[in-house]
């Protein structure tokens, strides 16, 4: 199915009209549309996902438009509570379209399973012995998940490291598993648990932990885009963005917020598709420190035309099968809206979204400041929080924006004035 994600006037439609528009574009059924209503997820579905369920906590579910990635248009579902995130991503994607949109690539979907081996007097000798038994260990691991092997995945290689620690020198075995379209935690954990006894036999050591690593640096995604200088606001804005980026890459205090902005986009999509937000966040921030200091996950440069060139690279362990992605009906709707056919494609969308979100934040910081646009959208939330209802929400918000004072105390005063009238 081919779509055009450049939807003129989409933000001005009502919620019902937006749903209808998306449903027509991607072919949602009436039943699927109804699942996007509040309180629509069946209780038994929630009860199967976690323990002690007493309800669920709804968050806004929006659609980022304008995305073109590797020549294909996408409507991108985002679940996020923060004002301006969806609008910012959509606007940045619109800027990128002028130069062809985003271009993304991935490595194979390989995850790392770790085995910790202790109580070894000759760790380097033991490490070599493990490598000598590599083929035997891979065959044992693959026998534990023949279905994954059938689809072209499975255990592919073994790496061994000697890691000094307060518990002595550890022999750490990495089992590299191609997880195909799954995130892979269950498959990887089953495999490392299955080969642990053989590792003990080979080394004479004691295996303790057998667990997947969320620093999935064998499962990387990269995205790039050219942002037209005129669309950004001129070459001065390009230079301002480059200076803001330099700050983020040099200072971990700035980098933490800079990368948080990237994850505003990525995590919103990860949540919408039922994937593990904590795993993606942990992997991204660990990867940001891969060079021995915590820096930016993105890079920015200026090309010969004076346009801004942006790139992003990070681990992206996403799945389109298994776990909550399969169990949660709204996650399945998100995948249908996206139109992705693999976990690799989903990762490419996520990285492009993260780059767009970051560009939008840097542009705001380098021009009007982050608060101006953000607080305009936040004004309605403040108005509602002090008790405004219906049309009064917009009236209170509009008054605060006109005054440039967007605070709870001022919202209360304005609401009192309007209700007296």
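So the values come out like this:
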read-out	value
Output for region 298-312, where each listed residue is in contact (Cβ under 8 Å) with a residue 60 or more places away in the chain and in contact with a helix residue (DSSP H, G or I) (Cβ under 8 Å, 6 or more places away or on another chain)	298, 300, 302, 305, 306, 307, 308, 310, 311, 312
Every residue from region 284-321 that is over 14 Å from the mean Cα position of the chain (by Cα), assigned to a loop (DSSP other than H, G, I, E, B) and crowded, with 19+ Cβ neighbours inside 10 Å	288, 295, 296, 307
Search result, residues across region 97-134 that are in contact with a helix residue (DSSP H, G or I) (Cβ under 7 Å, 6 or more places away or on another chain) and more than 22 Å from residue 154 (Cα to Cα)	98, 102, 104, 117, 120, 126, 129
Flag for residue 354 being within 23 Å of the chain's Cα centre (by Cα), under 23 Å from residue 81 (Cβ atoms) and modelled with pLDDT of 95 or more	yes
Residue match in region 401-408 (condition: closer than 30 Å to residue 238 by Cβ and in contact with a helix residue (DSSP H, G or I) (Cβ under 6 Å, 6 or more places away or on another chain))	yes
Residue 77 vs. criteria within 15 Å of residue 5 (Cα to Cα), in contact (Cβ under 8 Å) with a residue 60 or more places away in the chain and within 16 Å of the chain's Cα centre (by Cα)	yes
Residue satisfying all of: in region 62-89; at pLDDT below 95 and closer than 16 Å to residue 270 by Cβ; surrounded by the most Cβ atoms within 10 Å (Cβ to Cβ) among these	82
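The values are calculated or read from the model by the stated rules, or taken from the named source; none is laboratory data. This one's a predicted model, so the numbers in the text were calculated from it and none came from an experiment. Quick reminder, even Gly has a Cβ in these numbers, built from the backbone with ideal geometry, and neighbours come from all protein chains shown.
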